[in-house]
Number of protein chains: 4
Amino acid sequence: MNHRKAPELQVSTWLNTPHPLSLEQLRGKVVLIEAFQMLCPGCVSHGLPQATRVAETFDPDEVAVLGLHTVFEHHKAQGSREALEAFLHEYRLRFPVGIDAPSPGGGVPRTMAAYAMRGTPTQILIDREGNLRRQSFGVEQDLVLGAAIARLLGATPAEQTDPPDAPDEGCDETGCAMPETSP
Amino acid sequence: MNHRKAPELQVSTWLNTPHPLSLEQLRGKVVLIEAFQMLCPGCVSHGLPQATRVAETFDPDEVAVLGLHTVFEHHKAQGSREALEAFLHEYRLRFPVGIDAPSPGGGVPRTMAAYAMRGTPTQILIDREGNLRRQSFGVEQDLVLGAAIARLLGATPAEQTDPPDAPDEGCDETGCAMPETSP
Amino acid sequence: MNHRKAPELQVSTWLNTPHPLSLEQLRGKVVLIEAFQMLCPGCVSHGLPQATRVAETFDPDEVAVLGLHTVFEHHKAQGSREALEAFLHEYRLRFPVGIDAPSPGGGVPRTMAAYAMRGTPTQILIDREGNLRRQSFGVEQDLVLGAAIARLLGATPAEQTDPPDAPDEGCDETGCAMPETSP
Amino acid sequence: MNHRKAPELQVSTWLNTPHPLSLEQLRGKVVLIEAFQMLCPGCVSHGLPQATRVAETFDPDEVAVLGLHTVFEHHKAQGSREALEAFLHEYRLRFPVGIDAPSPGGGVPRTMAAYAMRGTPTQILIDREGNLRRQSFGVEQDLVLGAAIARLLGATPAEQTDPPDAPDEGCDETGCAMPETSP
């Protein structure tokens, strides 16, 4: 299959990271880019919590999660570095976030334009070789996103043991445990 | 890697399917078995809705979803075929469901014992060759389950287009769309 | 205003209470009757948790919460005392629950018929004098139900202090606390 | 009982209203003031949606809902009128919102100080005579808030008919309707 190279990020400022990042540097990892605006309700309630879950679920040596602040409206209200810093702090977002570089004429910022994104939130998946493999706008289901990431990761073991949320005995809202049996 | 063959299902009655099912028959597909009890709150609120999402998300020619009613308590209340039929009807569960065959001495039913399940809900994943690859008790995250299924599916394309829940214009609770631009 | 006397309960069996209950006995309290069926999804996900919240929110000397199991379908599956006992146990429902007395000809049970209920869940509010004041079928909003109960309670103080879910410092998902200031 | 007069609002700018508002003007109505910050996660996920539900549930001639933007941190990020306007627009908040007047020395704004609020969200209830009757910081339950508002409203009829979310036939996630019966 022929895949299209993912356009490089054009970022004016990076937050939550000591060094600027690039897709070039991240070759070898699967990359999730979560494009958002801090005043986009669907980003706050769905896209960003999902990106946090991805960062917590997958091995950071295998999957890199990046936020991209793609401001295409309300530039004055949400376009400053201070506003974004405060937002990331209050919402406890820990992954690196880049501010998409503004276009000379205003309007849609550069990376957003290069990917022809239709709005926010947009989820972008890039494979280990730097190819753009999936781009979705709006609410993405966790089952679908988890499956898409795993496909790009390829053969990795990850057979897991029991998840943490299960009752020790009796029933609770997570399930019903069997009583211990005598031998 | 050496994998253990998944024990065959021991089912006394099948619902939601014209013919009895077996793992043997399902070779070639990835199989999700959702073991549940109709009076287990975590099964009703989490496990069974998740199994429904899996059945709706993946191609049924690739992934088979089965329910297994593993009654290990309150046999009188939830152990009858009529009770289970009513439950499946009211909760609109459409995938095939087998009633785990009771053990001669009562208590833990046969399939549940063969898999050494610890309670309900239990999610079991079986690969295309019939090997038991993953078993989890309690609340499983969709991201994790979606990734696990995709790993067993192996190389399948599934690069997708935009998901359905996105705004056409302006912002709603799913996201913010860019305004249409003149050419 | 003229109010209609609430028809007396016709209950074949009581659970979660040492003695049978009657509306007659409960004069002086506001009464919430939560009519439900154990296999009704909206009762399990909405009506019964709401009744539990009412029982936890209001003073039990002022507001009595009763469940009424009004089985009008799937009698065989959910009509037995054992089934209901198991259900109440697993869902940790603690308030008294009566089994609505079956009608001679089967079908709609007696109390349900006397109130002309249209289905489950049905929320019924009875004032301190035993009058039927409100009856609603389906999903009732907490704001509306809380207001309706308070109206029937009449003049009661209940000015409250801070609710428990608030941060001690900084922001969490419940709010943002002001930093302590030096005097 | 002796009640304390609620301190008058000190607002620098009003949004979502053609005229400035005051508690003085609102005598005769019960008033809910929802104090919030646009970058407070608990305000966005809980406090503001609850204020919207109150505005939609109660008669606007009886209950006035006001937002109060009480910025006590991140002044640069969330302190401008433009930022708040964009926020109200994107989150579709329709009730009048005042910007709490900044204190001369910075820090806690004036109305927030006058009420000795501890953080955001804070819910404040004022009775028809302008007395401060309830103030709570953090997550407030709808049942409790609905009851508190109804107590302040006093004797109002409001016996209601069936709520809208109920099935016409069969079961759905809101409930189970009885089948139509032949006469």
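The values are calculated or read from the model by the stated rules, or taken from the named source; none is laboratory data. Not measured: the values here are computed from a predicted model. Neighbour counts run over all protein chains shown; Cβ positions are idealised from the backbone, glycine included.
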### Message
For the range A:110-119, give me each residue that is outside any helix (DSSP H, G or I) and either touching a residue at least 24 places away in the same chain (Cβ under 8 Å) or buried (at least 21 other Cβ atoms within 10 Å of the Cβ) (or both).
### Response
A:Tyr115, A:Met117, A:Gly119
### Task
Just give me the residues in the range B:36-48 being facing another protein chain (nearest Cβ under 10 Å) and not polar (S, T, N, Q), in sequence order.
B:Phe36, B:Met38, B:Leu39, B:Cys40, B:Pro41, B:Gly42, B:Cys43, B:Val44, B:His46, B:Gly47
### Query
Take the residues of the range C:74-109 that are outside any loop (DSSP other than H, G, I, E, B) and more than 14 Å from every other protein chain (Cβ to nearest Cβ): which is nearest to B:Gln37 (Cα to Cα)?
C:Val97
### Task
Filter the range B:118-149 down to residues that are under 12 Å from the mean Cα position of the chain (by Cα) and among the charged types (D, E, K, R), then give me how many there are.
2
### Query
Being closer than 17 Å to A:Glu90 by Cβ and either buried (at least 23 other Cβ atoms within 10 Å of the Cβ) or not polar (S, T, N, Q) (or both), is that true of even one residue in the range D:16-36?
yes
#### Entry: Where a residue in the range A:15-34 is assigned to a strand (DSSP E or B) and its partner, wherever it lies, is surrounded by fewer than 17 Cβ atoms within 10 Å (Cβ to Cβ), with Cβ under 6 Å and at least six apart
none
### Task
With the condition kept exactly as written, say whether any residue in the range B:15-32 is under 22 Å from C:His74 (Cα atoms), of a type in the set (Val, Ile, Thr) and away from every other protein chain (no Cβ under 11 Å).
yes
### Members of the range C:131-183 found to be hydroxyl-bearing (Ser, Thr, Tyr) and either at pLDDT below 85 or not in a loop (DSSP other than H, G, I, E, B) (or both), listed by number
C:Ser136, C:Thr156, C:Thr161, C:Thr181, C:Ser182
### Task
Output the number of residues of the range C:35-73 satisfying the condition of being in a helix (DSSP H, G or I), in contact (Cβ under 8 Å) with a residue 12 or more places away in the chain and within 9 Å of the chain's Cα centre (by Cα).
8
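Every residue, every condition in (1) over 11 Å from A:Trp14 (Cβ atoms); (2) surrounded by fewer than 22 Cβ atoms within 10 Å (Cβ to Cβ); (3) in contact with a Lys or Arg (Cβ under 7 Å, 6 or more places away or on another chain), yes or no:
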| residue | (1), (2), (3) |
| --- | --- |
| A:His74 | yes, yes, no |
| A:Ala77 | yes, no, no |
| A:Arg81 | no, yes, no |
| A:Glu85 | yes, yes, no |
| A:Leu88 | yes, yes, no |
| A:Arg92 | yes, yes, no |
| A:Asp100 | yes, no, yes |
| A:Gly105 | yes, yes, no |
### Task
For the range C:62-73, name all the residues that are farther than 23 Å from B:Gly42 by Cα and either at the interface with another protein chain (Cβ under 7 Å from one of its Cβ atoms) or not hydroxyl-bearing (Ser, Thr, Tyr) (or both).
C:Glu62, C:Val63, C:Ala64, C:Val65, C:Leu66, C:Leu68, C:Val71, C:Phe72, C:Glu73
## Note on the structure
By residue number, the members of the range C:1-14 that are of a type in the set (S, T, N, Q) and part of a loop (DSSP other than H, G, I, E, B) are C:Asn2, C:Gln10
### Task
Return the residue satisfying two criteria in turn: it lies in the range D:65-83 and is in contact with a helix residue (DSSP H, G or I) (Cβ under 8 Å, 6 or more places away or on another chain) and modelled with pLDDT of 95 or more, and of such residues it is farthest from A:His89 (Cα to Cα).
D:Val65
### Query
Does A:Glu62 satisfy the condition of being in contact with a helix residue (DSSP H, G or I) (Cβ under 8 Å, 6 or more places away or on another chain), of a type in the set (Asp, Glu), surrounded by fewer than 22 Cβ atoms within 10 Å (Cβ to Cβ) and under 17 Å from C:Cys171 (Cβ atoms)?
no
#### Entry: the range C:143-153, subset touching a residue at least 24 places away in the same chain (Cβ under 8 Å) and surrounded by 21 or more Cβ atoms within 10 Å (Cβ to Cβ), residue nearest to the other protein chains (Cβ to nearest Cβ)
C:Gly146
#### Entry: Qualifying residue in the range B:120-127 (condition: touching a helix residue (DSSP H, G or I) at 6+ places or on another chain (Cβ under 8 Å), surrounded by fewer than 21 Cβ atoms within 10 Å (Cβ to Cβ) and within 24 Å of B:Pro49 (Cα to Cα))
yes
